[in-house]
1. Go through the residues of the stretch 27-34 one by one and say whether even a single one is surrounded by 14 or more Cβ atoms within 10 Å (Cβ to Cβ), of a type in the set (Ser, Thr, Tyr), out of contact with any Leu (no Cβ under 6 Å at 6 or more places or on another chain) and at pLDDT 90 or above.
2. I'd like to verify a number: residues in the stretch 65-77 that are touching a strand residue (DSSP E or B) at 6+ places or on another chain (Cβ under 8 Å), outside any strand (DSSP E or B) and surrounded by fewer than 19 Cβ atoms within 10 Å (Cβ to Cβ), how many?
3. Restricted to the stretch 136-179, and to residues that are part of a strand (DSSP E or B) and of a type in the set (A, V, I, L, M), which residue is nearest to Ile52 (Cα to Cα)?
4. Output the residues belonging to the stretch 44-59 that are surrounded by fewer than 16 Cβ atoms within 10 Å (Cβ to Cβ) and either in contact (Cβ under 8 Å) with a residue 24 or more places away in the chain or assigned to a strand (DSSP E or B) (or both).
5. Of the residues Arg23, Arg62, Arg83, which is part of a helix (DSSP H, G or I) and under 18 Å from Gln141 (Cα atoms)?
6. Restricting attention to the stretch 136-179, report how many residues are at negative phi, more than 13 Å from the chain's Cα centre (by Cα) and small (Gly, Ala, Ser).
Amino acid sequence: MAVKIRGKNIDVTPALKDYVEKRVATITKQFKVVGEISVVMRVEKNSHIVEITVPASGIVVRAQESTNDMYGSIDNCVEKIERQIHKYKTRLMRRKYNNFRDDYVASPPDKDEEPADEEFNIVRNKKYVLRPMSVQEAVMQMNLLNHDFFIFFNDEVESISIVYRRKSGDYGLITPELK
């Protein structure tokens with residue numbers, strides 16, 4: 001298990017590093033394959049913020065917590081990840097043993113017009129490995145990452161699709177087609 005620990009506005013002491021590695025070890029026991037775990041600790045004003053990202057068995061689990069104590073933030077963040085893992089595994093087991101499957105109906109996305117003749121400054125370029133999954137798995141992955149959208153390879157229609165969270169709290173599915 002590789003744990004990459006970084007500190008912003010804080011020196012990561014050996015005691016803090018050992019504590020993080022000990023707490024994160026409880027998470028890794030729940031998966032067969034675990035990638036490099038990323039832990040970012042930072043201090044902003046009176047807040048001690050911890051962000052943990054765990055790539056494991058084809059999913060990515062992420063949590064962020066903020067308290068007045070760095071050790072408390074670490075504990076809260078690990079507990080949050082453990083709850084997310086439990087929720088994910090419960091859904092997988094429920095689907096596996098109940099043969100339960102929802103079919104999503106794609107709803108058209110909201111159309112926003114782009115301003116003309118403006119240059120857009122791209123400040124970050126990110127590469128992402130797509131893996132085949134169902135719409136339900138993509139929604140679970142999006143919720144685990146706490147994002148508003150998720151791009152995936154839809155194994156049902158064999159193309160790239162996007163799930164997104166609507167303002168009403170429901171989910172939408174975008175399946176692009178070439179003309």
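The values are calculated or read from the model by the stated rules, or taken from the named source; none is laboratory data. All figures in this text were calculated on a predicted structure; none of them were measured in a lab. Positions of Cβ are backbone-derived with ideal geometry, glycine not excepted, and every protein chain shown enters the neighbour counts.
1. Checking the stretch 27-34: not a single residue is surrounded by 14 or more Cβ atoms within 10 Å (Cβ to Cβ), of a type in the set (Ser, Thr, Tyr), out of contact with any Leu (no Cβ under 6 Å at 6 or more places or on another chain) and at pLDDT 90 or above.
2. Within the stretch 65-77, the subset touching a strand residue (DSSP E or B) at 6+ places or on another chain (Cβ under 8 Å) is 65-70, 72-74, 76-77.
From what is left, the residues that are outside any strand (DSSP E or B) are 68-70, 72-74, 76-77.
Now narrow it down to the ones that are surrounded by fewer than 19 Cβ atoms within 10 Å (Cβ to Cβ): 68-69, 72, 76.
Matching residues across the stretch 65-77 total 4.
3. Filtering the stretch 136-179 for residues part of a strand (DSSP E or B) gives 149-154, 159-165, 171-174.
Those still in the list that are of a type in the set (A, V, I, L, M) too: 151, 160, 162-163, 173-174.
Details: Ile151: 21, Ile160: 28, Ile162: 25, Val163: 24, Leu173: 28, Ile174: 29 Å.
Of everything passing the filter in the stretch 136-179, Ile151 is nearest to Ile52 (Cα to Cα).
4. Going residue by residue through the stretch 44-59, those that are surrounded by fewer than 16 Cβ atoms within 10 Å (Cβ to Cβ) are 44-47, 57-58.
Of everything in the stretch 44-59, those that are surrounded by fewer than 16 Cβ atoms within 10 Å (Cβ to Cβ) and either in contact (Cβ under 8 Å) with a residue 24 or more places away in the chain or assigned to a strand (DSSP E or B) (or both) turn out to be Glu44, Ser47, Ser57, Gly58.
5. Numbers: Arg23 fails: under 18 Å from Gln141 (Cα atoms); Arg62 fails: part of a helix (DSSP H, G or I).
Result of the check over Arg23, Arg62, Arg83: Arg83.
6. The qualifying residues number 4.
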